[in-house]
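Student: Below you will find the structure I want to go over with you.
The values are calculated or read from the model by the stated rules, or taken from the named source; none is laboratory data. If you're wondering where the values come from, they're calculated on a predicted model, not measured in any experiment. Reconstructed Cβ throughout: ideal geometry from the backbone, glycine too, with neighbour counts over all protein chains shown. When the accessible area is computed, the model is the full protein with side chains, heavy atoms only, and any ligands, DNA or RNA have been set aside. Shrake-Rupley method; radii C 1.70, N 1.55, O 1.52, S 1.80 Å.
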Amino acid sequence: MDRRLSIAPMMDWTDRHCRAFHRVLTSRALLYTEMVTAPAVIHGDRERLLGFDPVEHPVALQLGGSDPDQLAEAARIGAAFGYDEINLNVGCPSDRVQSGRFGACLMREPSLVAECMAAIKGAVSVPATVKCRIGVDNQDPEVALFETVDACAAVGVKVFIIHARKAWLQGLSPKENRDVPPLDYALVRRLKRERPHLSVTINGGVASLDEVEAHMDAADGVQLDGVMLGRAAYHEPAILGQADRRLFGAPTADVDAFEAVGRYRPYMAARLAEGAHLSAMTRHMLGLMHGRPGARAFRRILTVEAVRPGAGLEVVDRAVDVVREAEARIELRTEAA
């Protein structure tokens, strides 16, 4: 699997509608689900939790948990649904996650992480991967990261996505944990240098495709296997329209914002016919016109009108027209000048 670019699992954001939208912008990036706990997969509404559209491939399921037997069963269920990868969350710092003994707090228990990964790997034929931090609280990242990675590698895990920040489980909120702890990209590059046989993807603070390309630059002799984009991909999704050409070398034209809406229309129409609310899909599009004339009006129309009962694709058309008209006015003024 080509991991040059992936889109981070983000709670309340990267649901099936978001992933289908991102897919119309890039056919190559690896997409991830929101984290789903193993007990929820086993005992919950599987179609609601795990269902996805075939257009999303390649797409990975991220699991949360610390019970190897539960994780193995959840992984089997996920693989049967058709996911291309099963990923274990060893990075989320929220209190709810900590109380369940999973997420970032597992950085303190590398042997348990390895036991969980051995169970997942033994249960499925698709890749079993780990997404982790470089450490938590007062841990020494140079010790904690390598202990976690080496323990998992010892049971056959080969793919690691590293959020290049510590997580502070006491004193910082989950939101603050995304920004406050300093980034240590050099440590992640050192991991790849010293463990060249492992696949290492870097995550955390990457804000543009320019930065993705900079991380993938092997000028220092270290060739990372991939970069994971998070909030930048969500808040400014139009940048994904350049990814296939710039990062994967695809001989295709970039997908601009207007084309992306056109490509997403059949998906939205199909979901509306199934009874989905328009706002469940358009909320992921709010940043699509970022930086364009009319972007504010675009967001306002989608925010206000898409939530109304019976709202249909005419709302999306109206929002797009506002941007086209704003750009046309600017072009006319430019020509007149």
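Student: How large, in percent, is the carbon and sulfur part of the accessible surface of the range 201-337 at a probe radius of 1.4 Å?
Tutor: 52 percent
Student: Leaving ligands, DNA and RNA out of it, rank 304, 136 by accessible area with a 1.4 Å probe, largest first.
Tutor: 304, 136
Student: To the nearest 10 degrees, how steep is helix 68-81 against the longest Cα principal axis of the chain, on a 0 to 90 scale?
Tutor: 40 degrees
Student: Next question. For residue 66, what is the net charge nearby, where nearby means another residue's Cβ is under 12 Å from its Cβ and Lys, Arg count +1, Asp, Glu -1?
Tutor: -2
Student: Note the angle between two axes, namely the Cα long axis of helix 185-194 and the longest principal axis of the Cα atoms of the chain, as a number of degrees from 0 to 90, rounded to the nearest 10.
Tutor: Compared with the principal axis, the helix lies near 50 degrees.
Student: With r defined as the distance between the Cβ atoms of residue 137 and residue 187 and R0 fixed at 22 Å, what FRET efficiency is calculated, to the nearest 0.05?
Tutor: 0.85
Student: State the extension gain, in nm to one decimal, for the chain segment bounded by residue 216 and residue 150, taking 0.36 nm per residue of separation less the distance between their alpha-carbons.
Tutor: Net length gain for the segment: 21.5 nm.
Student: Taking every pair of Cα atoms in the range 239-287, average 1/r, invert it to obtain the Kirkwood radius, and report Rg/Rh to two decimals.
Tutor: 1.09
Student: Here's another thing I want to ask about it. Apply the Karplus curve 6.51 cos²θ - 1.76 cosθ + 1.60, θ = phi - 60°, to the phi angles in the range 199-210 and return the couplings in whole Hz, x for Gly and Pro.
Tutor: My calculation for the range 199-210 gives 8, 10, 10, 9, 9, x, x, 7, 10, 7, 5, 4 Hz in order.
Student: How much FRET efficiency would the formula 1/(1 + (r/R0)^6) give for residue 327 and residue 43, where r is the Cβ-Cβ distance and R0 is 35 Å, rounded to 0.05?
Tutor: E(calc), rounded to 0.05, equals 0.10.
Student: Is the range 170-258 best put as rounded, prolate or oblate by its Cα gyration tensor, with a ≥ b ≥ c the root eigenvalues, rounded for a/c under 1.5, and otherwise prolate when a/b is larger than b/c, oblate when not?
Tutor: Oblate is the answer for the range 170-258, as a/c is 1.5 or above yet b/c matches or exceeds a/b.
Student: Quick one: which residues, 5 or more positions from residue 29 or on another chain, have an amide H under 5 Å from its amide H? H modelled 1.01 Å from N in the peptide plane, none for Pro or chain starts.
Tutor: none
Student: Next question, about the same structure. Can you give me the angle between helix 110-123 and the longest principal axis of the chain, using Cα atoms only, in degrees from 0 to 90, rounded to the nearest 10?
Tutor: Roughly 70 degrees between the two axes.
Student: Separation between the residue 180 and residue 318 pseudo-spin-labels, each 7 Å from Cα along Cα→Cβ, expressed in nm?
Tutor: Each label point lies 7 Å from its Cα, and together they span 4.3 nm.
Student: So what is the 222 nm mean residue ellipticity for the chain from helices alone, if each DSSP H run of at least 4 adds -39500 (n - 2.57) and you divide by all residues, rounding to the nearest 500 deg cm²/dmol?
Tutor: That comes out to -13500 deg cm²/dmol.
Student: Shape verdict for the range 30-133, please, from the Cα gyration tensor: rounded (a/c under 1.5), prolate (a/b greater than b/c) or oblate.
Tutor: Prolate, since a/c reaches 1.5 and a/b exceeds b/c.
Student: Quick one: if the Förster radius is 45 Å, what FRET efficiency do residue 173 and residue 197 give, using the C-beta to C-beta distance and rounding to 0.05?
Tutor: The pair residue 173/residue 197 has a calculated efficiency of 0.75.
Student: For a quick protection proxy, order the peptides 295-303, 216-224, 23-31 by their average other-Cβ count within 10 Å, most packed first.
Tutor: Most protected by this proxy first, the peptides run 23-31, 295-303, 216-224.
Student: Averaged per residue, what accessible area in Å² does the chain show with a 1.4 Å probe, protein chains only?
Tutor: With the other protein chains kept in place, the chain gives 43 Å² per residue.
Student: Separate question: Rounded to the nearest whole Å³, what is the per residue volume of the convex hull around the Cα atoms of the chain?
Tutor: Hull volume over Cα atoms, normalised by residue count, gives 151 Å³.
Student: If you filter the range 270-337 for GluC sites (Glu not before Pro), then keep DSSP loop positions with at most 12 other Cβ within 10 Å, what is left?
Tutor: Passing sites in the range 270-337 are 274.
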